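A quick write-up on the structure given underneath.
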Amino acid sequence: MRILVVEDELHLSEALSHILKKNNYTVDVSNDGESGLDNALTGIYDVIVLDIMLPKMDGITILKTIRQEGIETPVILLTARGEISDKVKGLDSGADDYLSKPFNTDELLARIRALSRRRGEIVTGNNTIEFGDITLNTSNLLLSGVHGEITLTLKESELLEYLMIHKRIVCSKEQIIEKLWGFESEAEANHVEVYISFLRKKLKFIHSKVQINTVRGVGYTLSEE
Ligand code: CA
């Protein structure tokens, strides 16, 4: 899961980034409205946490713009205490949820989990996803099957989670690179190939029937034997 935090108060954006990373989310932070919009328009995020009062461009304008561009990423608005009209405006502009500052980080994590559920991920209780005979826990990175379990690295878990969320759709190497390393990274296609081969070995190790299929020249897709 990749989350964009758009927040100009540095102590708050740093605290949010820290707590989200600790919960195994991949996090990008924008400290002003313009860079927030640029990042949001990439469409690579699973959830956007968006402050309303921002330098250069306000959160409501960002929200309206990305919705106009057809980006459906769930958005949680952060509102200052008592800004009722902002909440209404935000929800009218396509926000999915809002939190009033100051808020409890457990509350934010719960809202993020709820929004990712609404997106159609199969999340049961504490951050687990199921496909075929495997269950991936993205909190403790444990991959379980009928015949055993094995711990993944964070990147392996992110990659498998991505493939599980997209199920039988073919995921291109470019999409996977953007998702796992960010669109500005220098990660290359062979990074993906390496992690795919690690994952295949681990799926074999737990005797899972789930297979990662290579669609030549296109990408990867999961299937059950
Ligand atoms: Ca602000």
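The values are calculated or read from the model by the stated rules, or taken from the named source; none is laboratory data. Keep in mind that this is a model prediction, so the values were computed, not measured. Cβ sites come from the backbone with ideal geometry, for glycine too, and all protein chains shown count toward neighbours.
Does Glu72 meet the test of being surrounded by fewer than 15 Cβ atoms within 10 Å (Cβ to Cβ), among the acidic types (Asp, Glu) and modelled with pLDDT under 85?
yes
So for region 25-35 (the condition being out of contact with any Pro (no Cβ under 6 Å at 6 or more places or on another chain), more than 15 Å from the ligand (Cβ to nearest atom), touching a residue at least 60 places away in the same chain (Cβ under 8 Å) and of a type in the set (A, V, I, L, M, F, W, C)), does at least one residue qualify?
No, region 25-35 has no match at all.
Hey, among Ile44, Ile48, which residue is under 15 Å from the mean Cα position of the chain (by Cα), more than 14 Å from the ligand (Cβ to nearest atom) and at pLDDT 95 or above? So that I can check it myself, show each step before the final result.
Working: Ile44 fails: at pLDDT 95 or above.
Exactly one of Ile44, Ile48 is under 15 Å from the mean Cα position of the chain (by Cα), more than 14 Å from the ligand (Cβ to nearest atom) and at pLDDT 95 or above, namely Ile48.
Please go through region 90-105 and pick out each residue that is buried (at least 18 other Cβ atoms within 10 Å of the Cβ) and part of a helix (DSSP H, G or I).
If the condition is that a residue be buried (at least 18 other Cβ atoms within 10 Å of the Cβ) and part of a helix (DSSP H, G or I), then Gly90 is the only one that fits.
A quick yes/no check of all residues on (1) surrounded by fewer than 17 Cβ atoms within 10 Å (Cβ to Cβ); (2) in contact with a Cys (Cβ under 9 Å, 6 or more places away or on another chain); (3) modelled with pLDDT under 85:
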{"residue": "Lys56", "(1), (2), (3)": "yes, no, no"}
{"residue": "Ile62", "(1), (2), (3)": "no, no, no"}
{"residue": "Leu77", "(1), (2), (3)": "no, no, no"}
{"residue": "Ala80", "(1), (2), (3)": "yes, no, yes"}
{"residue": "Glu107", "(1), (2), (3)": "yes, no, no"}
{"residue": "Arg118", "(1), (2), (3)": "yes, no, yes"}
{"residue": "Ile122", "(1), (2), (3)": "yes, no, yes"}
{"residue": "Gly125", "(1), (2), (3)": "yes, no, yes"}
{"residue": "Gly132", "(1), (2), (3)": "no, no, no"}
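Would you check which residues across region 51-70 are in a loop (DSSP other than H, G, I, E, B), in contact with a strand residue (DSSP E or B) (Cβ under 9 Å, 6 or more places away or on another chain) and more than 14 Å from the ligand (Cβ to nearest atom) and list them?
Once the filter is applied, which keeps residues that are in a loop (DSSP other than H, G, I, E, B), in contact with a strand residue (DSSP E or B) (Cβ under 9 Å, 6 or more places away or on another chain) and more than 14 Å from the ligand (Cβ to nearest atom), region 51-70 yields nothing.
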